[in-house]
Amino acid sequence: MQVQVTVASQKARALALIHAAAKKSKRPELDLISLALQGKTAGFEKVITMVDEMVVNLKKEQEGDDSKKEYCDAQFDESEDKQKQQEQSIADSDKAIEQMEGLLETLAAEIKALQDGIKALDKSVTEATEQRKEENEEFKALIAADSTAKEVLGWAKNRLTKFYNPSMYKAPPKRELSEEERITVNMGGALAPTPAPAGIAGTGIGAAAALVQIRSHSEEQKAAPPPPPETFGPYTKKGQESDGVLAMIDLLVKDLDKEMQEAEVSEKDAQSDYETMMEDAGNKRAADSMLLTEKEGTKADTEEALETEKGKKAETSKELMGTMKYISGLHGECDWLLKYFEARKEARTSEIDSLTNAKAVLSGADFALLQTSARRGGFMAKRS
């Protein structure tokens, strides 16, 4: 009678433990174990087997949750790191694109400035060349006119010398006969008349240019106030009169020589300055052209790099969208598990503890039943 009371109380204790666990987890397996305990046909061995199987299943479930949690944590860490890297890459691309666009604007302005500078330099060179040509033509015309004027003055001086001082007169050079003309003369023939020389008094000297130069120098000499009207002055000899005229001619020639010398110096200086300017302009144009080529090359390389960076940014943005979509999927897959992981683990631990305790209770009751059965067998053996 005492053994039956002990077994019943142990069964009740085990059933209470199962019920307590069932209220927390609402598992149908616990309800089945409770029904088995309440039944009168099933032995404790079957209930204990059910408890063992459920404990094994609970441990497997926990292992699954542990594995899934580990997977979720790892995937979140990896994906979030990837997302940060992609976002940083996009930020770096934005910065690089902004810098390259700014550089392209600067290069475009510098290239335009160089092109404008080269055009202006070419224009200034052309204008300087035209000016140099005009100055050189003026110089040549001046030298030619002054040279002609000197020839006229020399001819005039020689003619005056013939009148005033015949001993100082220089006759024109005799005509030099050619070999053919000498043969003709030696044979008693007559030479063909030579054409009369043009110019002033048959000298071949250009009259117009010479007179212009002489007149201009005469006007310079007349810059002072005019002398008083001539009167019958003292008697002058022929030599004294010639000396005054010849001295005036010499003075005019000296002025012409001075003007020609000054013109030659100015022409030489102007030509030297022009050549220096041309050399400097050539060097500057070469340097600017080289710099222009370099900047155009840099601009082309920057434009290519800009397109590459924009393509990289677009590709990274596409990858980032994929990463964010994957993370969103992870949230749908893992958020519930991660949120309730500790609660589920605690509940399983409680269930396993309850089932283990219930098993221990049932195992003790089953052992008591075995001992009672053994005693009854021995007692019946003694009575017989």
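The values are calculated or read from the model by the stated rules, or taken from the named source; none is laboratory data. Just so it is clear, the model here is predicted, and its values are computed rather than measured. Quick reminder, even Gly has a Cβ in these numbers, built from the backbone with ideal geometry, and neighbours come from all protein chains shown. Remember, those area values only see protein heavy atoms, side chains included, never the ligands or the DNA or RNA. Shrake-Rupley method; radii C 1.70, N 1.55, O 1.52, S 1.80 Å.
Taking the stated definitions as given, is GLU309 closer than 30 Å to SER89 by Cβ, acidic (Asp, Glu) and surrounded by 11 or more Cβ atoms within 10 Å (Cβ to Cβ)? In short, yes.
Out of ALA128, ALA141, ALA156, ALA149, report the one residue that is in a helix (DSSP H, G or I) and open to solvent by 50 Å² or more (accessible area, probe 1.4 Å).
Working: ALA128 fails: open to solvent by 50 Å² or more (accessible area, probe 1.4 Å); ALA156 fails: open to solvent by 50 Å² or more (accessible area, probe 1.4 Å); ALA149 fails: open to solvent by 50 Å² or more (accessible area, probe 1.4 Å).
Being in a helix (DSSP H, G or I) and open to solvent by 50 Å² or more (accessible area, probe 1.4 Å) holds for just one of ALA128, ALA141, ALA156, ALA149, which is ALA141.
Residues checked against (1) in contact with a helix residue (DSSP H, G or I) (Cβ under 9 Å, 6 or more places away or on another chain); (2) not charged (D, E, K, R):
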| site | (1), (2) |
| --- | --- |
| ASP66 | yes, no |
| GLU70 | no, no |
| THR129 | yes, yes |
| GLU134 | no, no |
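One line per residue, one yes/no per condition, for (1) in contact with a Gly (Cβ under 8 Å, 6 or more places away or on another chain); (2) modelled with pLDDT of 95 or more; (3) exposed (fewer than 12 other Cβ atoms within 10 Å of the Cβ); (4) not acidic (Asp, Glu):
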{"site": "ASP280", "(1), (2), (3), (4)": "no, yes, yes, no"}
{"site": "ASP288", "(1), (2), (3), (4)": "yes, yes, no, no"}
{"site": "LYS295", "(1), (2), (3), (4)": "no, yes, no, yes"}
{"site": "GLU303", "(1), (2), (3), (4)": "no, yes, no, no"}
{"site": "LYS318", "(1), (2), (3), (4)": "no, yes, yes, yes"}
{"site": "MET321", "(1), (2), (3), (4)": "no, yes, yes, yes"}
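Within region 61-100, being aliphatic (A, V, I, L, M), surrounded by fewer than 14 Cβ atoms within 10 Å (Cβ to Cβ) and within 33 Å of the chain's Cα centre (by Cα) holds for one residue alone: ALA91.
Based on what the data block shows, is VAL5 open to solvent by less than 80 Å² (accessible area, probe 1.4 Å), β-branched (Val, Ile, Thr) and either modelled with pLDDT under 90 or closer than 30 Å to ASP288 by Cβ (or both)? Criteria not met by VAL5. For region 110-118, the criterion of a residue being open to solvent by 60 Å² or more (accessible area, probe 1.4 Å), in contact with a Lys or Arg (Cβ under 9 Å, 6 or more places away or on another chain) and acidic (Asp, Glu) is satisfied by at least one position. State yes or no: is LEU103 surrounded by 15 or more Cβ atoms within 10 Å (Cβ to Cβ), of a type outside the set (Val, Ile, Thr) and over 16 Å from THR308 (Cα atoms)? Criteria not met by LEU103. Please work out if GLU333 is modelled with pLDDT of 95 or more, in a helix (DSSP H, G or I) and over 30 Å from ALA120 (Cβ atoms). Considered against the rule, which asks whether it is modelled with pLDDT of 95 or more, in a helix (DSSP H, G or I) and over 30 Å from ALA120 (Cβ atoms), GLU333 comes out as no.
When TYR326 is tested against (1) touching a residue at least 24 places away in the same chain (Cβ under 8 Å); (2) open to solvent by less than 70 Å² (accessible area, probe 1.4 Å), exactly one condition is not met: (2).
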